[in-house]
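Report on one structure; see the data block that follows.
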Amino acid sequence: MNPQIRHDWETGEVLALFQQPFNDLLFQAHSVHRAHFDPNRVQASTLLSIKTGACPEDCGYCSQSAHHETRLERERLLPLEEVLEAARRAKEQGATRFCMGAAWRNPTDTNLARVIEMVRGVKDLGLETCVTLGMLTEEQAQRLKAAGLDYYNHNLDTSPEFYGKVITTRTYRDRLDTLDHVRRAGLKICSGGILGMGESRADRASMLCQLANLPEHPESVPINLLVQVEGTPLHGVEKLDPLEFVRTIAVARIMMPASWVRLSAGRQEMSDEMQALCFFAGANSLFYGERLLTTDNAGTDRDLDLFQRLGLQMEQQVQTEKPPQGRACHRA
Ligand code: SAM
Ligand code: DTB
Ligand code: SF4
């Protein structure tokens, strides 16, 4: 067992990490990062919203909640071919994982069957697969695993203490239960949260404790900066100090040394310098492509320019596309 992989974090000691001088914190986080990863590599996932809007949940940050008056156009579950076309484009652009998101409280078994077809198709293109569909039963998680799904994304979003100020239609316990079902099914977990919702530093520390004290650390930990969407209750909330965001990335890196810390939503608002500090502090994966789910992402041209200026390499695609079924595979 690796003694650096701890599951017994307490909020007080995490706050002490946060409170260090910035340079000390970043030096510590970067040292941990180097001990576990190539510091000049980033993993890139591309997102697609496969079912948009009209969600029954009331998440205060979300453009897709039916409880808020946003300008979003709702869309039914996309046809398989449209999803595969987007996945092919993502692969051409260099993403290694394709992440499909649906605005559901939980998938029905009929909808899950359609998502399973998508997972199979994307996997056959030689991409890693991730889906985020809301709450799952263990049986549904097993069906996704059997279809070849690699990751399930389900965020804790914030601390248990702040949670009730953001979401009322689903409990923190519901989220932990879904993570448990996903883990029992043998899937990899992508779970993190959102910063800049008006939470305190103690809330950020407490959220990271929840993530790091799970029985196993999530393989991927997305740290989102709130994208403020007009019409949502969190639109207009006071913006987070960018250096506090960097500190949170650093603390996440120290607490979950072997996890991929994902610099997630909100990069469009971040300066190049802020992103560079996040990569130094231990962020080593991101969402890549022109769109997140319903909002704009930092564009690929800007990203490629930034990677080039920082000497960062994108993780390479390792799998190759499967040959069409029914044809023999001849080796040269
Ligand atoms: N409906 C599913 C669910 O909530 O589990 C999956 C999709 S949901 C959009 C995935 C995650 O995206 C949320 O848990 C939240 O952390 C993040 N997210 C959604 N809207 C966001 C926003 N405006 N800014 C930052 N992150 C956001
Ligand atoms: C995650 O933590 N962030 C992504 C992904 N997981 C599904 C979603 C970000 C959504 C940002 C707002 C939007 O585009 O709707
Ligand atoms: Fe629905 Fe997910 Fe948005 Fe919450 S975050 S309103 S569950 S789509």
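Label-to-label distance, Gln4 versus Gln268, with points set 7 angstrom from Cα along the beta-carbon direction: 3.6 nm. The string of couplings for the stretch 233-241 from the Karplus curve (6.51, -1.76, 1.60, θ = phi - 60°) is x, 8, 5, x, 5, 4, 6, 7, 4 Hz, one whole number per residue in order, with x for Gly and Pro.
Please compute the alpha carbon radius of gyration of the stretch 36-145, then divide it by the globular-protein estimate 2.2 N^0.38 Å. Two decimals is fine.
1.15
Overall form of the stretch 160-318: oblate. Here a/c, set by the Cα gyration tensor axes a ≥ b ≥ c, is 1.5 or more, and a/b is not larger than b/c.
The alpha-carbon positions of the stretch 1-50 define a convex hull whose volume is 181 Å³ per residue.
What is the stretch 77-120 by shape, rounded, prolate or oblate, if you read a ≥ b ≥ c off the alpha carbon gyration tensor as root eigenvalues and call it rounded for a/c under 1.5, prolate for a/b larger than b/c, and oblate otherwise? Cα axes put the stretch 77-120 in the prolate bin.
The mean accessible area for residues of the chain, using a 1.4 Å probe and ignoring ligands and nucleic acids, is 45 Å² per residue. Gain on full extension, evaluated as 0.36 nm per residue between Gln19 and Arg41 minus their Cα-Cα distance, stands at 5.1 nm. Sequence-distant contacts, meaning Cα pairs under 8 Å at least 6 residues apart, place the relative contact order of the stretch 151-295 at 22 percent.
So what is Rg over Rh here for the stretch 173-233, counting just Cα atoms and using Kirkwood for Rh? With Rg and the Kirkwood Rh in hand, the quotient comes to 1.02. Among Ile189, Ile254, Ile167, the largest mean-square fluctuation in a Gaussian network model of the chain (Cα springs under 10 Å) belongs to Ile167. Taking amide hydrogens as placed 1.01 Å from N in the peptide plane, the amide H of Leu47 sits under 5 Å from those of Cys99, Tyr288, each at least 5 positions away in sequence or on another chain. For the stretch 149-157, backbone phi angles converted through the Karplus equation (6.51, -1.76, 1.60; θ = phi - 60°) give residue-by-residue couplings of 4, 8, 10, 10, 9, 8, 8, 7, 6 Hz, Gly and Pro being listed as x. Placing a pseudo-label 7 Å from each Cα along the Cα-to-Cβ vector at Arg88 and Leu243 gives an inter-label distance of 4.9 nm.
Note on Leu80 and Asp109: the extension gain reaches 8.8 nm, defined as 0.36 nm multiplied by sequence separation minus the Cα-Cα distance. Using a 1.4 Å probe on the protein chains only, how many percent of the accessible area of the chain belongs to carbon and sulfur? Percent of accessible area from carbon and sulfur atoms in the chain: 49. Take every pair of alpha-carbon atoms less than 8 Å apart whose residues are at least six positions apart; their mean separation over the length of the chain yields a relative contact order of 25 percent. Distances between placed amide hydrogens fall under 5 Å for Leu195 paired with Asn224, Leu225, Leu226, all partners being 5 or more residues away or on another chain.
Mind listing which trypsin sites (Lys or Arg not before Pro) in the stretch 75-160 are in a DSSP loop and have 11 or fewer other Cβ atoms within 10 Å? Qualifying residues, ordered by number: Arg76.
In the stretch 16-100, Cα pairs under 8 Å separated by at least six residues give a relative contact order of 31 percent.
Calculated from the alpha-carbon coordinates, the chain shows an Rg and a Dmax of 19.1, 61 Å respectively.
The values are calculated or read from the model by the stated rules, or taken from the named source; none is laboratory data. Being a predicted model, the structure only gives us computed values, none of them experimental. As a convention, Cβ positions derive from the backbone with ideal geometry for all residues, glycine included, and neighbour counts pool all protein chains shown. With ligands, DNA and RNA removed, areas are computed over all heavy atoms of the protein, side chains included. Shrake-Rupley method; radii C 1.70, N 1.55, O 1.52, S 1.80 Å.
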